[in-house]
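Colleague: Below is one structure. I have some questions about it.
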Amino acid sequence: MSKICLTIAGLDPSGGAGVVADIKTFSAFGCFATAAITSVTFQNTMGIFGAVHQTADSVRQQVQAVIDDLGINALKTGMLPTAEIIEEVARLVRDNNLTNFVVDPVVRSTSGFDLINDTALRSLIKELFPLAAIITPNVPEAERISGVAIESKQDISDAVEVMRELGAKNVLVKGGHLNIGQLTVDSEQSKTETHKAVDYLFLGDDVFKFEGEWHETTATHGTGCVLSAAIAAKLALGKPLLEAVQVAKAFVNEAIRTAPNLGHGHSPINIKST
C-alpha cells in the first residue's frame, strides 16, 4: 500500500516550487501525494508578484478531509503566511497525533519576496518547532530565526543552539547561500571545500556534514521545497532521519545538475523518479 504524504504550502502556478514541486517529489519516491493550499501566489521563474492567502478554517478543512479518509504517514509545511494558519496547523498535528513532520521555515522566496511577517514567524517558531521531527532552514532563514549572523561554521552551531532553545529537536542548515570557502578551520580545508555545497545536520548530539557538487547555476527555484518533501517521503517510507536527509540531499543535487533551464529567471529543477 502506498504511503500518504501531505504538503501544506503555497501554490506556485509555474510549477517550480510549493505544493506542485512537493507533489512531484512525493510521487518520485513512490508515495501518494496530497496537498492543502495555504496561499495562491502569482509567480514564475522571475519572481513573486503577489498572493491571496487562505483562511485558517479553509486550511483546516482541506487537511482534515485528507486525514479522515486517507490518513497521513508524513507531512511537510512550506509557505505558512499567517499566524492563524500556523496555529491551525499546530492544532491539526497535535489533535491527530501526526508524526514524521518536516517544517521548512520558508520566510523569503528565491527572488527576494517576503512570504511571512515577524508575527507569523514568531508563531511558527513557538507552535511548530516543538512538533517537528526536523526543521530545514537555509542560511538566511537560520539567521532571521536565531538572530545570529552566519559567516563561519561556529556561527552555524551558535544559530542551531538558539533554534534548539526555541524548541527545535533536529536541524538541517542548508549551506547553499554561503561561499563555503569562507567557512574555514584551516587553509587546507578551505581548498577542499571551496567548490562544494555543504549542509549541516544537527541530529541529537551529533553533527553530520553533507557535501555535494557545487553547481554554478540559476536553476534553484524550489530547491528547499523539494529537499523537505524528499525528507518527508523517506520518513513516510520508514527510513531513519539520517538516511532520509542523505537521500534527499543527493536527490536535490541531481535535480539541480539536470535542471531543464526553463523560463527567464531561476529555472525549476528536474524532479524525476528515483
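Colleague: Can you confirm whether GLY147 is in contact with a Pro (Cβ under 8 Å, 6 or more places away or on another chain), modelled with pLDDT of 95 or more and farther than 17 Å from LEU227 by Cβ?
Modeller: no
Colleague: Tell me whether segment 80-96 contains one or more residues that are among the aliphatic types (A, V, I, L, M), modelled with pLDDT under 95 and out of contact with any Phe, Trp or Tyr (no Cβ under 8 Å at 6 or more places or on another chain).
Modeller: Looking through segment 80-96, none of the residues is among the aliphatic types (A, V, I, L, M), modelled with pLDDT under 95 and out of contact with any Phe, Trp or Tyr (no Cβ under 8 Å at 6 or more places or on another chain).
Colleague: Across segment 122-141, what is the number of residues that are assigned to a helix (DSSP H, G or I) and either modelled with pLDDT of 95 or more or surrounded by fewer than 18 Cβ atoms within 10 Å (Cβ to Cβ) (or both)? Give the derivation first.
Modeller: Here is the first cut: in segment 122-141, the residues assigned to a helix (DSSP H, G or I) are 122-131, 139-141.
Filter once more, so that each one left must be either modelled with pLDDT of 95 or more or surrounded by fewer than 18 Cβ atoms within 10 Å (Cβ to Cβ) (or both): 122-131, 140.
The total comes to 11.
Colleague: For segment 31-42, which residues satisfy the criterion of being surrounded by 15 or more Cβ atoms within 10 Å (Cβ to Cβ) and either part of a helix (DSSP H, G or I) or out of contact with any His (no Cβ under 9 Å at 6 or more places or on another chain) (or both)?
Modeller: Selection gives CYS31, PHE32, ALA33, THR34, ALA35, ALA36, ILE37, THR41.
Colleague: Oh, and also: For segment 193-239: of the residues being among the aromatic types (Phe, Trp, Tyr) and modelled with pLDDT under 95, which is farthest from the chain's Cα centre (by Cα)?
Modeller: So the residue we want is TRP214.
Colleague: Mind listing just one residue for me: the one in segment 220-242 that is touching a helix residue (DSSP H, G or I) at 6+ places or on another chain (Cβ under 6 Å) and small (Gly, Ala, Ser) and, of those, surrounded by the fewest Cβ atoms within 10 Å (Cβ to Cβ)?
Modeller: This residue is ALA230.
Colleague: Further, regarding this structure: I'd like the full set of residues that are small (Gly, Ala, Ser) and part of a helix (DSSP H, G or I), limited to segment 54-78.
Modeller: Within segment 54-78, the first condition is being small (Gly, Ala, Ser), and the residues that meet it are 56, 58, 65, 71, 74, 78.
Passing the criteria: ALA56, SER58, ALA65.
Colleague: Which of the following residues is of a type in the set (Val, Ile, Thr) and in contact (Cβ under 8 Å) with a residue 40 or more places away in the chain: ILE37, ILE85? Full working, then the answer.
Modeller: Numbers: ILE37 fails: in contact (Cβ under 8 Å) with a residue 40 or more places away in the chain.
Checking each option against the conditions leaves just ILE85.
Colleague: Just the residues that are buried (at least 24 other Cβ atoms within 10 Å of the Cβ) and either among the β-branched types (Val, Ile, Thr) or in contact with a Lys or Arg (Cβ under 6 Å, 6 or more places away or on another chain) (or both), please, taken from segment 1-30.
Modeller: Correct list: THR7, ILE8, VAL19, THR25.
Colleague: What do you reckon, is ILE156 surrounded by 20 or more Cβ atoms within 10 Å (Cβ to Cβ), touching a residue at least 24 places away in the same chain (Cβ under 8 Å), under 16 Å from VAL198 (Cα atoms) and among the β-branched types (Val, Ile, Thr)? Break it down stepwise before answering.
Modeller: Details: surrounded by 20 or more Cβ atoms within 10 Å (Cβ to Cβ): yes; touching a residue at least 24 places away in the same chain (Cβ under 8 Å): yes; under 16 Å from VAL198 (Cα atoms): yes; among the β-branched types (Val, Ile, Thr): yes.
Criteria met by ILE156.
The values are calculated or read from the model by the stated rules, or taken from the named source; none is laboratory data. Here the structure is a predicted model, which is why all the values come from computation and not from measurement. In this analysis, Cβ positions are derived from the backbone assuming ideal geometry, glycine residues included, and neighbour counts consider all displayed protein chains.
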